[in-house]
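Report on the structure given below.
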Amino acid sequence: MASCPIDHHSFPDPTKLNLLQRPASDMFPFRLPVVFPRVAAAHHLLSLRTTSRPLSSLGSNRLDPNGSVLIETTTTTTPPSPTPDVTGGVQDIYGEDAATEDMPITPWSLSVASGYTLLRDPHHNKGLAFSQRERDAHYLRGLLPPTVISQDLQVKKMMHTLRHYQVPLQRYMAMMDLQETNERLFYKLLIEHVEELLPVVYTPTVGEACQKYGSIFLRPQGLFISLKEKGKILEVLRNWPEKNIQVIVVTDGERILGLGDLGCQGMGIPVGKLSLYTALGGVRPSACLPVTIDVGTNNEKLLNDEFYIGLRQRRATGEEYAELMHEFMTAVKQNYGEKVVIQFEDFANHNAFDLLAKYGTTHLVFNDDIQGTASVVLAGLIGALRFVGGSLANHRFLFLGAGEAGTGIAELIALEISKKCQIPLEEARKNIWLVDSKGLIVSSRKESIQHFKKPWAHDHKPIKELVDAVKAIKPTVLIGTSGVGQTFTQEVVETMAELNEKPIILSLSNPTSQSECTAEQAYTWSKGRVIFASGSPFPPVEYEGRTFVPGQANNAYIFPGFGLGLIMSGTIRVHDDMLLAASEALAEQLMEEHYEKGMIFPPFRNIRKISARIAARVAAKAYELGLATRLPQPKELEKCAESSMYSPSYHSYR
Ligand SMILES: O=C([O-])CC(=O)C(=O)O
Ligand SMILES: [Mg+2]
């Protein structure tokens with residue numbers, strides 16, 4: 001870590017804090033003395049602002065020469081400077097350094113959790129793993145049964161409990177409950193049993209959880225920013241207990257997976273994605289902020305559902321929508337600086353492309369559905385071609401679905417071909433065809449289609465049905481990004497198998513119910529010849545004595561490592577070459593043994609290593625492009641990524 005530049009907020013070793021060496025009786029309730037750096041109103045006493053935040057999360061605080069903790073405070077007014085200092089979210093982020101005596105400031109304070117409060121603090125709770133000594137020192141005696149168990153045994157016990165639940169949603173709720181009661185145990189479980197638990201905290205179960213969010217809702221997670229917060233978004237961000245945010249995943253809930261408009265209940269998605277940022281990419285949980293923008297919903301069922309948790313109105317659009325988003329984007333930059341990753345997730349097509357284009361030049365934005373999905377699919381194709389032979393330029397691609405994922409993947413494939421073959425992008429696009437709900441996208445439709453589809457309107461006679469498009473275009477690769485389940489019919493798959501010795505079929509829509517076909521259908525209908533992957537997981541399939549393990553072509557392979565690469569290099573803008581770098585890093589980790597089983601991605605169980613490699617490549621590209629700000633560049637980026645990852649093991653408390 002010492003040589004690694006990742007901003008893990010080097011808070012001084014708490015053992016050196018003489019304050020913390022006070023007798024325990026002094027510590028509960030316990031206030032640390034506070035110094036207001038360069039703020040004249042130093043006599044303000046801080047009251048308890050948050051429940052016992054971990055010392056390590058208070059990155060911008062530091063020791064003064066006497067060993068007192070200097071606590072930086074927050075203002076409740078707009079920062080005094082009209083052009084706030086944008087330095088990456090660690091310096092004067094609320095303008096407090098520049099605050100004058102007459103300016104009100106938010107009274108932050110820090111406390112040491114103890115006793116009953118400690119048991120209910122998810123960041124510090126260890127449950128039965130508190131040692132006897134800790135139980136004495138922290139007023140826990142009697143609050144726990146006498147047995148002391150290890151974290152490993154807790155993992156075993158929790159897995160035992162989870163496996164008992166028959167209903168996936170029960171497992172999801174148990175995991176969410178654990179995240180809210182014992183965060184480290186939650187992450188240890190997720191990291192150590194990633195293949196088993198990914199379908200629980202992520203697709204497909206998270207989709208059902210969003211649909212039923214209102215009914216299963218116990219405690220709020222993340223930040224809800226609705227039209228009611230208009231004009232106050234900066235204040236809302238300041239209500240979040242953590243200051244040093246490195247990644248935000250934000251949705252407006254309009255296109256949750258392939259399930260459509262789930263309004264405010266889309267919150268399950270940013271929460272789930274960010275838990276993968278930590279488990280799969282090693283970003284600290286306290287640096288992750290899930291956000292849902294609530295501008296209403298057009299989902300009648302939800303509007304009439306008495307348990308719905310969001311605004312009960314139809315979606316705001318046009319200027320009203322754009323203004324709220326703009327206020328949010330501005331407030332994020334003002335509050336956290338230039339180096340916070342903002343991941344757009346599950347926005348509808350009509351907003352997703354525009355938001356990415358609008359903020360791509362001013363913010364560190366990444367659209368997971370356009371760019372993350374593109375990068376993972378490209379990786380799968382590059383990986384598969386290493387074994388199948390040939391190059392991308394020899395293939396013909398047909399997509400069902402011309403939205404974010406479809407056009408995003410198509411464009412990244414074209415970019416890779418154009419770079420590798422040194423041909424113009426327009427030329428590279430010619431072998432890529434898209435079908436939308438109205439049929440094949442052809443030049444005669446050019447005037448009537450949305451702007452993001454126009455580059456794919458090639459010369460051809462109109463074709464309505466997918467199967468006819470397959471027969472006419474003769475693709476070698478068929479990719480489903482339609483959000484509509486069971487659209488790769490038997491006839492479609494059989495036609496692909498007639499046209500190709502080894503057809504590549506990717507059925508990417510999520511969750512499982514929306515998958516264009518199942519793994520079993522793909523293997524059976526192609527008589528075991530298909531190279532198949534899907535967005536949501538499918539179990540292995542037996543076909544004529546062979547077991548095929550379908551790969552999961554899901555952006556979860558990419559975004560955690562990609563984001564880590566941006567963070568560790570202090571990158572300020574995303575560039576397409578970084579997506580290509582991520583694809584190549586993932587593709588090269590596919591081994592022959594994986595491919596032989598039918599996989600086109602390495603298994604998820606090695607995901608932290610995979611993410612570290614992706615992070616290193618992304619960071620290296622950022623340095624090469626001059627977009628990285630953490631200087632000098634560390635020599636061994638992959639080691640640096642690995643060593644900076646969050647560990648869920650318990651700390652011992654003095
Ligand atoms: O969440 C997932 O599993 C993949 C994804 O981004 C989507 O389907 O929107
Ligand atoms: Mg998504």
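The values are calculated or read from the model by the stated rules, or taken from the named source; none is laboratory data. All values derive from a computational prediction rather than experimental measurement. Counting neighbours? That spans all protein chains shown, and the Cβs are built from the backbone with ideal geometry, glycine included. Accessible surface is based on the protein model in full, side chains and every heavy atom, while ligands, DNA and RNA are left aside. Shrake-Rupley method; radii C 1.70, N 1.55, O 1.52, S 1.80 Å.
Overview of values
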read-out: FRET efficiency, 1/(1 + (r/R0)^6) with R0 51 Å, evaluated for residue 639 and residue 144 via beta carbons; value: 0.85
read-out: Added length on full extension, which subtracts the Cα-Cα distance from 0.36 nm per residue, residue 193 to residue 181; value: 2.4 nm
read-out: Length added when fully stretched, residue 430-residue 350, from 0.36 nm per residue minus Cα-Cα; value: 26.3 nm
read-out: Contour excess over end-to-end distance, with Cα ends at residue 437 and residue 386 and 0.36 nm allotted per residue; value: 15.0 nm
read-out: Environment charge at residue 215 (Cβ cut-off 12 Å; Lys +1, Arg +1, Asp -1, Glu -1); value: -2
read-out: Förster radius 56 Å - calculated FRET efficiency between residue 323 and residue 527 (Cβ-Cβ, nearest 0.05); value: 0.50
read-out: Within-14-Å neighbourhood charge of residue 127 [Cβ basis; K, R +1; D, E -1]; value: +1
read-out: Whole-percent carbon and sulfur share, accessible surface of region 573-617, 1.4 Å; value: 45 percent
read-out: Residue 396 paired with residue 448, simple spin-label distance in nm, labels 7 Å along Cα-to-beta-carbon; value: 2.5 nm
read-out: Inter-label distance for residue 494 and residue 625, nm, one decimal - labels placed 7 Å from Cα along Cα-to-Cβ; value: 4.6 nm
read-out: Region 550-654 shape via C-alpha gyration tensor axes, a/c threshold 1.5; value: oblate
read-out: For region 436-531, diffusion coefficient by Stokes-Einstein and Kirkwood Rh (Cα), 20 °C, 1.002 mPa s, µm²/s; value: 154 µm²/s
read-out: Probe 1.4 Å, all protein chains present, accessible-area order of 131, 444, 114, largest first; value: 444, 131, 114
read-out: Solvent exposure ordering (accessible area, 1.4 Å, most first) of 513, 536, 649; value: 513, 649, 536
read-out: Approximate shape of region 226-319 as ellipsoid semi-axes (Cα gyration tensor, √5λ), whole Å, largest first; value: 25, 17, 10
read-out: Ordering of 350-362, 135-147 by burial proxy (mean other Cβ atoms within 10 Å per residue, highest first); value: 350-362, 135-147
read-out: Percent carbon-and-sulfur accessible area, region 223-287, ignoring ligands, DNA and RNA, probe 1.4 Å; value: 55 percent
read-out: Anisotropy class of region 173-218 from Cα gyration tensor, a/c 1.5 cut; value: oblate
read-out: Accessible-area ranking of 286, 643, largest first, probe 1.4 Å; value: 643, 286
read-out: Pairwise centroid distance, computed over Cα atoms, of region 150-200 with region 430-462, Å; value: 46 Å
read-out: Backbone HN-Hα couplings from phi across region 399-415 [Karplus 6.51/-1.76/1.60, Hz, Gly and Pro as x]; value: 10, 9, x, 10, x, 4, 5, x, 6, x, 5, 4, 5, 6, 4, 4, 5
read-out: Over 15 Å [Cα-Cα, region 109-192], rounded percent; value: 60 percent
read-out: For a label point 7 Å along the Cα-to-beta-carbon line of residue 577, residues of region 407-443 with backbone N under 18 Å; value: 412-425
read-out: Nearest-10 value in Å² for the accessible area of residue 117, using the 1.4 Å probe; value: 60 Å²
